[in-house]
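Participant: My structure is below; once you've seen it, I'll send some questions.
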Amino acid sequence: MTRPENPTRTPRRLTALVCVLTAGLALTWSAPAGAGPSDSGLKKAVDTILADARMSGGAASVVIADAVTGERLYQRSGTDRLMPASNTKLLTSTAAMALLGPGYRHTTDVLSSGSRDGSTLDGDLHLRGGGDPTTLAKDYAKLAAGVAATGIRRVTGRLIADDTRFDARRLGRAWAGDDESAYYSAQISPLTVAPDTDYDSGTVIVEAVPGDRPGDRPKVTVVPKTAYVRLDVSGTTVAAGGADTLAVERRHGSNTITVSGAIPIGAGATKEWVSVWEPTGYAAAVFSDELARHGVRVKGTPRLGVATPPDARVLASHRSMPLRKLMFPFMKLSNNMHAETLAKTIGYETSGRGSWSAGLAAIEGYLRTEGVTTAALRQTDGSGLSRMNVVPAEQLARLLLGVRDASWYADWHASLPVACAPDRAVGGSLRSRMCGTPAALNAHAKVGSLTGASSLAGYVKDAGGRELVFAIVLNGYLAPSVKSVEDAIVVTLARSDTAAGTIRSIAPQRGGEPSEASDTALECTWRKPEIC
């Protein structure tokens, strides 16, 4: 079965990826005077790169354009509909900036209904979700502190988790069922918890270390600490030098996380990010624990999915970071859950319906204003995790050209990963690629990867200072990775003076990409711990 990136199936001891492209065969072509794009050296150079044996039998949709004039400098099957993988996030992110605005914030509220008698609330507490995908356990602690600060110490009713801003559909269309416990395929709710400042919403971090002696169970912890998930530890500590086969996975339809296999004495920690079943309940459980820690006793167990009464009184609120800042963990780390939350938020804010169908309809309407021919593509989710998404390179190029005059363009452009920028918050999924080339710290682009589908689209300046737009979508190949093919095209652009017709091509790296066993065809930011 073809799969998106799955950290539970990737060796945990992988070392950092080598730069995907550090050297290559340099060739120089000069176009004859007066030559047009169709017979320029650029066409010959890119065609040669795409003739790489790893693309044998595959499909390529590639468009290169002048970013200022929009002139197409190269086109190869630009109208062919191929799977864009996470390049789908280009559609969602630009629509979010345009329709929600860079200053948009999600709000999580705690409200009360009923009457107050001193320190007793004779009624219910309501935790109302606004769609914030970045809410941490410490944010729920601050909300609990806010409730305590009002003087409430006892609640006779229940905690009611209001997740009605979004519909009840938790998983995207055509997402792989066997990725249910993978953190990059977590369920979507307007009430959720992120365990870390990568803001991997709807997940917990499970860490296992060897026991003290062979035969002992591994020592396992969960972050954040919560009883919402239950650990079933059947794994065993084995002698030093033994095979490390420890596996962590959540059982289907439950919050029981199994830790099985063997871990040898002296081995490093096994750390996995695992999605929860029903993130609304997860948020309610974490908040309940924080209420108790702050001296607020609530009778009964939380009730999920009930709308807050219109006359309820706000006791405490938490506001998310503005969208312009959310764009960074979203785009740099290719966070699927951020994309899906934004798609549903767009639906809610534009039509009052927090659903994928409403959000995608609004995104489609926005794309048309940027000159994108939406009849030529299909978008079925916000992130690109679905293999039903198909987008031609020409439409990606149109979008990249169209947004350059938007008031929010600078913020959005800054959220794109930067080639060979070593800081993870800048380089993101490109931080180990195109190092030692003119594209390093120059190319700003979104990466996309699923098994048999790879994409790279963004901006780069050529050797003459001309800004170019490129959109590269590759599908149907059997090689473990074609990332160096993409990189060779972008590096060729950065090395060349396209206006003068002096093209300095570089061939795709051969033999330098890791083996198929390491699953490198997929986005490195979808692996934990991150290796790119």
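Participant: Could you state the angle between the C-alpha long axis of helix 336-351 and the longest principal axis of the C-alpha atoms of the chain, as a value from 0 to 90 degrees rounded to the nearest 10?
Facilitator: 80
Participant: Sort all Cα-Cα distances of the chain into consecutive 20 angstrom bins from zero, then give the percent of pairs in each bin up to the one containing the longest distance.
Facilitator: Reading the bins upward from 0: 22, 50, 24, 4, 0.
Participant: Can I ask one more? Compute the FRET efficiency between Glu207 and Asp497 as 1/(1 + (r/R0)^6), taking r as their Cβ-Cβ distance and R0 = 51 Å, and round to the nearest 0.05. Please list the in-between numbers first.
Facilitator: Values: r = 52 Å, r/R0 = 1.01.
It comes out at approximately 0.50.
Participant: For Arg154, project a label point 7 Å along Cα to C-beta. Then give me every residue of segment 95-128 with its amide nitrogen under 20 Å of that point.
Facilitator: Within reach of a label on Arg154, which here means backbone N under 20 Å from a point 7 Å along Cα→Cβ, segment 95-128 contributes 112-126.
Participant: Can you sort Ser317, Ser407 so the residue with the fewest Cβ neighbours within 10 Å comes first? Show your work: numbers first, answer last.
Facilitator: Working: Ser317 15, Ser407 10.
Listed from fewest to most nearby Cβ atoms, that is Ser407, Ser317.
Participant: Just rank Glu349, Glu207, fewest to most, by other beta-carbon atoms within 10 angstrom. Numbers along the way, then the final one.
Facilitator: On the way: Glu349 20, Glu207 15.
Lowest count first: Glu207, Glu349.
Participant: Tell me, how many Å apart are the Cα centres for segment 38-80 and for segment 132-169?
Facilitator: 52
Participant: Could you work out how far apart the two model spin labels at Ile265 and Asp232 are, taking each label as a point 7 Å from the Cα in the direction of the beta carbon, and quote it in nm?
Facilitator: Distance between label points: 3.0 nm.
Participant: Scan around Thr236 for amide H atoms under 5 Å from its own, H built in the peptide plane at 1.01 Å from N, and keep only partners 5 or more places away or cross-chain.
Facilitator: Hits under the 5 Å cutoff: Gly261, Ala262, Ile263.
Participant: How long is the gain from Thr107 to Thr256 if the chain were fully straight, where each residue apart is worth 0.36 nm and the alpha carbon distance is subtracted?
Facilitator: Values: separation 149, 0.36 × 149 = 53.64 nm, distance 3.02 nm.
Difference between extended and current length: 50.6 nm.
Participant: If I stretch the segment between Ala376 and Arg173 completely, what's the gain in nm (0.36 nm per residue apart, minus their alpha carbon distance), one decimal?
Facilitator: 71.1 nm
Participant: Going by alpha carbons, how many degrees (0 to 90, nearest 10) lie between the helix axis of 88-99 and the longest principal axis of the chain?
Facilitator: Taking the Cα atoms of the chain, the angle to 88-99 is about 70 degrees.
Participant: Set the Förster radius R0 to 56 Å, insert the Cβ-Cβ distance between Met321 and Arg72 as r into 1/(1 + (r/R0)^6), and round the FRET efficiency to 0.05.
Facilitator: Working: r = 38 Å, r/R0 = 0.68.
The calculated FRET efficiency here is 0.90.
Participant: For Met388 and Arg217, what does the FRET efficiency come to when R0 = 30 Å and r is the distance between their Cβ atoms, rounded to the nearest 0.05?
Facilitator: Details: r = 42 Å, r/R0 = 1.41.
After rounding, the FRET efficiency stands at 0.10.
Participant: In this model, which of Lys138/Lys332; Lys225/Lys325; Lys89/Lys138; Lys332/Lys461; Lys89/Lys271; Lys142/Lys219 are farther than 22 Å apart at the alpha-carbon? Don't skip to the answer; put the middle values down first.
Facilitator: Working: Lys138/Lys332 24 Å; Lys225/Lys325 27 Å; Lys89/Lys138 28 Å; Lys332/Lys461 20 Å; Lys89/Lys271 27 Å; Lys142/Lys219 30 Å.
Table pairs above 22 Å Cα-Cα are Lys138/Lys332; Lys225/Lys325; Lys89/Lys138; Lys89/Lys271; Lys142/Lys219.
Participant: Sorted from fewest to most neighbouring beta carbons within 10 Å, what does the list Trp408, Trp277 look like? List each step's numbers first, then the result.
Facilitator: Numbers: Trp408 18, Trp277 21.
The fewest-first ordering by Cβ neighbours comes to Trp408, Trp277.
Throughout, read-outs are computed from the coordinates displayed, never taken from laboratory work. These numbers were taken from a predicted model, which means no experiment stands behind them. Don't worry about glycine lacking a Cβ; one is built from the backbone with ideal geometry, like all the others, and counts go over all protein chains shown.
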